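For reference, the structure is listed below as structure tokens.
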Amino acid sequence: MSDTFEALGLGTELVTELASLGYEEPTPIQKAAIPPLLAGRDLLGQAATGTGKTAAFALPILQLVGSTKPESLKPLALVLVPTRELAVQVCEACHRYGKGLGIAVAPIYGGQEFHRQVVALRRGVHVVVATPGRALDHMRRGTLDLSGLRIVALDEADEMLDMGFAEDLELILEGTPEARQTALFSATLPPRIASIAEKHLRDPERILIARDAATKGSVPKVRQTAYIVPRPHKIAALGRVLDLESPTLALVFCRTRLEVDELAERLVGRGYRVASLHGGMGQAERDRVMARARAGTVDLLVATDVAARGIDIDHLTHVVNFDVPSSPEAYVHRIGRTGRAGREGVAISLVEPRGHRLLRNIEQATKQKISIATVPSPMDVKARRLDMTKGAVREVLESGDLEAYRSVAEALASEFDPMDVAAAAVRLAHEALEGDAARDEADIPVIEGFGRNDRPRREPSVPADAGQRASRGWQWSGPRPDGAPQGGERVQDRGAPRGGAAPRGQWQDRPPQRGAPRGQWNDRDPQDMERIFIGLGRKAGVRPADVVGAIANEANVNPRGIGDIEIAELYTIVELPARDVDHVVRVLRGATIRGRKAKVNRDLGIRK
């Protein structure tokens, strides 16, 4: 494989633009994917986050469509991505790479004004970067004509299926020309992805870039550390760890929007410049936050997983798991946002005393050891701050240019001991650097390891295609692998297929039997699940994927916690963990489903 972009077959304009952006040599996925895509081959690529997938499909697309003028409403290339954040990221990348080619790119995603997107499409664009739901809406309204497509790329295909977009993807691909070229990229290749590839790709080139097989400079170099902290002390512990680490920019992950807001407020009190990202924010506000982060005016970005999808900032030095994700894949996605392009990154996890099982699952999946450290003491933090002051003073001394201040120093040295004068200057510098940082005297328990009595039980794992099976009306009949008190991963739509019984811990291709308690796992007691009422149903074209997508994207709730979805003619009933109900109701009242506002309430069993 070639070591330069020019040797891969890219044109002079693209190579020149890449050089101006500082790209020196292609990553393994780019070396493997660009030549077959330029040759017109279909491609099935498996590669982890941070390996350079975006450029691997964007560069060939730009070269293939750059010499053709697009017709109004008829783009030449379509890129499908799971979230609006990733849509913006891919669109920005295409703009950067294709600056010298005059290529028009339009992002199409939910949360942005529909008419504004129509205007962009009518002007004519070469490339459309879209989320599946919004692309399908434009197709149905006749504002997006795919008959002129030359190439389609699916990025993060496994994520799109997990979010319930399987049916949307099928409908979109069926609406494209048979002669089109197709590229499918995914971090994992579950059976559902293989099925889509078999149906829609023609003799594809198959590429597998393993996490540990890429060459140096392309695999994230991440120092991984975990601190064992009881939940009531997490915020104080995080403050100390951040004070000790002094990140250039840290991305802090929380589970819910409420946690994001609370944590951001507390960290502001410690003197950090903090910005939040969550599903309750409008797109304009999210864009402003990302602009601040890229401009270096933010120290900490506190976000949920869905809101952070697609974030790629060069100077991101630290990723913090305020809550450790239950899925090793989610953990890898999180920490993959730092340590890119050969730079060393830092991943910090705050683990509750009984959270050892989550860490061990992650270590087994990643085959990497996560070191356990004790939370820094106030004295540790003070020593670190003094060390930073020492470094700052040393930089000033090495830079010289002190003549303007010598007269002041000499005057003071004639009156006081020179060492006292220097110490006073250092004190002033230290207090200026420390700013308004909170004085931390919190009593945080010191926990150096996990106890012998906290050994995890062996639990079955949920299959990788759980989200796709759930979206087709299947249910998991075994115990939850994480023991979480959440409802079953089930979606029930009247008319779902029925089949025979399956043994415990297996998938059944049928919804729960009539009369069975709703929202429980097999022979367990009913869990803490409640139902909400949505005033739209089959008559409005509502499908399970629409409901799951709205709850996951708008309310920022993990779709794996959603229970039964019952779609009637005029309404929909959804089971959710009780802790999420009020938040989901509040958010969905301000959102749209299938382009329509809906009445959303707790379900009281009353049908109007």
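The values are calculated or read from the model by the stated rules, or taken from the named source; none is laboratory data. Being a predicted model, the structure only gives us computed values, none of them experimental. Reconstructed Cβ throughout: ideal geometry from the backbone, glycine too, with neighbour counts over all protein chains shown.
Can you tell me which residue is nearest to the chain's Cα centre (by Cα) among those in segment 395-416 that are within 19 Å of H430 (Cβ to Cβ) and assigned to a loop (DSSP other than H, G, I, E, B)?
So, considering only residues that are within 19 Å of H430 (Cβ to Cβ) and assigned to a loop (DSSP other than H, G, I, E, B), the one nearest to the chain's Cα centre (by Cα) is L402.
So which of R498, R560, R531 ends up being farther than 26 Å from A303 by Cα and at pLDDT below 85?
Numbers: R560 fails: farther than 26 Å from A303 by Cα; R531 fails: at pLDDT below 85.
After ruling out the rest, the residue left standing is R498.
Please note which helices (runs of 4 or more DSSP H) are completely contained in segment 37-152 and include at least 3 residues that are farther than 21 Å from T12 by Cβ and in contact (Cβ under 8 Å) with a residue 40 or more places away in the chain.
On the way: elements: 53-65, 84-97, 114-123, 132-141.
Of the helices (runs of 4 or more DSSP H) lying wholly inside segment 37-152, those with at least 3 residues that are farther than 21 Å from T12 by Cβ and in contact (Cβ under 8 Å) with a residue 40 or more places away in the chain span 84-97, 114-123, 132-141.
Whether any residue in segment 324-339 is more than 26 Å from A237 (Cα to Cα), without any contact (Cβ under 8 Å) to a residue 60 or more places away in the chain and surrounded by fewer than 19 Cβ atoms within 10 Å (Cβ to Cβ) is what I want to check. Give the derivation first.
Here is the first cut: in segment 324-339, the ones more than 26 Å from A237 (Cα to Cα) are none.
No; the residues of segment 324-339 include none that is more than 26 Å from A237 (Cα to Cα), without any contact (Cβ under 8 Å) to a residue 60 or more places away in the chain and surrounded by fewer than 19 Cβ atoms within 10 Å (Cβ to Cβ).
For segment 93-123, which positions are out of contact with any helix residue (DSSP H, G or I) (no Cβ under 9 Å at 6 or more places or on another chain) and either of a type in the set (V, I, T) or more than 16 Å from A284 (Cβ to Cβ) (or both)?
Answer for segment 93-123, where residues must be out of contact with any helix residue (DSSP H, G or I) (no Cβ under 9 Å at 6 or more places or on another chain) and either of a type in the set (V, I, T) or more than 16 Å from A284 (Cβ to Cβ) (or both): H95, G102, V119, A120, R122, R123.
Quick check: anything in segment 318-336 among the basic types (K, R) and out of contact with any helix residue (DSSP H, G or I) (no Cβ under 9 Å at 6 or more places or on another chain)? Please lay out each step first, then the result.
Just the residues of segment 318-336 that are among the basic types (K, R), to begin with: 334.
Next, only the ones that are out of contact with any helix residue (DSSP H, G or I) (no Cβ under 9 Å at 6 or more places or on another chain) stay: none.
Scanning segment 318-336 turns up no residue that is among the basic types (K, R) and out of contact with any helix residue (DSSP H, G or I) (no Cβ under 9 Å at 6 or more places or on another chain).
Which residues, counting only those in segment 175-217, are at pLDDT 90 or above, part of a loop (DSSP other than H, G, I, E, B) and not polar (S, T, N, Q)?
If the condition is that a residue be at pLDDT 90 or above, part of a loop (DSSP other than H, G, I, E, B) and not polar (S, T, N, Q), then G175, P177, E178, A179, R180, L201, R202, D203, P204 are the ones that fit.
What strands (runs of 3 or more DSSP E), lying completely within segment 232-334, carry at least 1 residues that are modelled with pLDDT under 90? Can you show your working first?
Values: elements: 250-254, 274-277, 300-304, 318-321.
In segment 232-334, the matching strands (runs of 3 or more DSSP E) lie at 250-254, 274-277, 300-304.
Give the number of residues within segment 578-594 that are assigned to a loop (DSSP other than H, G, I, E, B) and loosely packed, with under 15 Cβ neighbours inside 10 Å.
Within segment 578-594, the subset assigned to a loop (DSSP other than H, G, I, E, B) is 590-592, 594.
Now restrict to residues that are loosely packed, with under 15 Cβ neighbours inside 10 Å: 590.
Selection size over segment 578-594: 1.
Could you please let me know if T304 is in contact with a Pro (Cβ under 8 Å, 6 or more places away or on another chain), buried (at least 17 other Cβ atoms within 10 Å of the Cβ) and not acidic (D, E)?
Working: in contact with a Pro (Cβ under 8 Å, 6 or more places away or on another chain): no; buried (at least 17 other Cβ atoms within 10 Å of the Cβ): yes; not acidic (D, E): yes.
For T304, the condition - in contact with a Pro (Cβ under 8 Å, 6 or more places away or on another chain), buried (at least 17 other Cβ atoms within 10 Å of the Cβ) and not acidic (D, E) - is not met.
Only one of R294, R270, R286 is out of contact with any Ser or Thr (no Cβ under 9 Å at 6 or more places or on another chain) and under 16 Å from G111 (Cβ atoms). Can you tell me which?
Numbers: R294 fails: under 16 Å from G111 (Cβ atoms); R270 fails: under 16 Å from G111 (Cβ atoms).
Result: R286 is the single residue among R294, R270, R286 that is out of contact with any Ser or Thr (no Cβ under 9 Å at 6 or more places or on another chain) and under 16 Å from G111 (Cβ atoms).
Yes/no per residue for (1) more than 30 Å from A237 (Cα to Cα); (2) of a type outside the set (G, A, S); (3) outside the structural domain of S349 (by TED's automatic domain parsing); (4) in contact (Cβ under 8 Å) with a residue 24 or more places away in the chain:
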| residue | (1), (2), (3), (4) |
| --- | --- |
| D387 | no, yes, yes, no |
| V393 | no, yes, yes, yes |
| Y405 | yes, yes, yes, no |
| E410 | yes, yes, yes, no |
| S414 | yes, no, yes, no |
| A429 | no, no, yes, yes |
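Can you pull out every residue in segment 339-348 that is modelled with pLDDT under 80 and either farther than 18 Å from A47 by Cβ or in contact with a Lys or Arg (Cβ under 6 Å, 6 or more places away or on another chain) (or both)?
G339, R343, E344
Answer yes if at least one residue in segment 361-376 is in the same structural domain as I313 (by TED's automatic domain parsing), more than 15 Å from T225 (Cβ to Cβ) and among the acidic types (D, E), and no otherwise.
Scanning segment 361-376 turns up no residue that is in the same structural domain as I313 (by TED's automatic domain parsing), more than 15 Å from T225 (Cβ to Cβ) and among the acidic types (D, E).
Find the residue count for segment 217-266, including only residues that are among the hydrophobic types (A, V, I, L, M, F, W, C) and under 19 Å from D305 (Cβ atoms).
Residues of segment 217-266 that are among the hydrophobic types (A, V, I, L, M, F, W, C), as a first pass: 219, 222, 226, 228-229, 235-238, 241-242, 244, 249-254, 258, 260, 263-264.
Still in the running and under 19 Å from D305 (Cβ atoms): 222, 226, 238, 249-254, 258, 260, 263-264.
Summing the residues that are among the hydrophobic types (A, V, I, L, M, F, W, C) and under 19 Å from D305 (Cβ atoms) in segment 217-266 gives 13.
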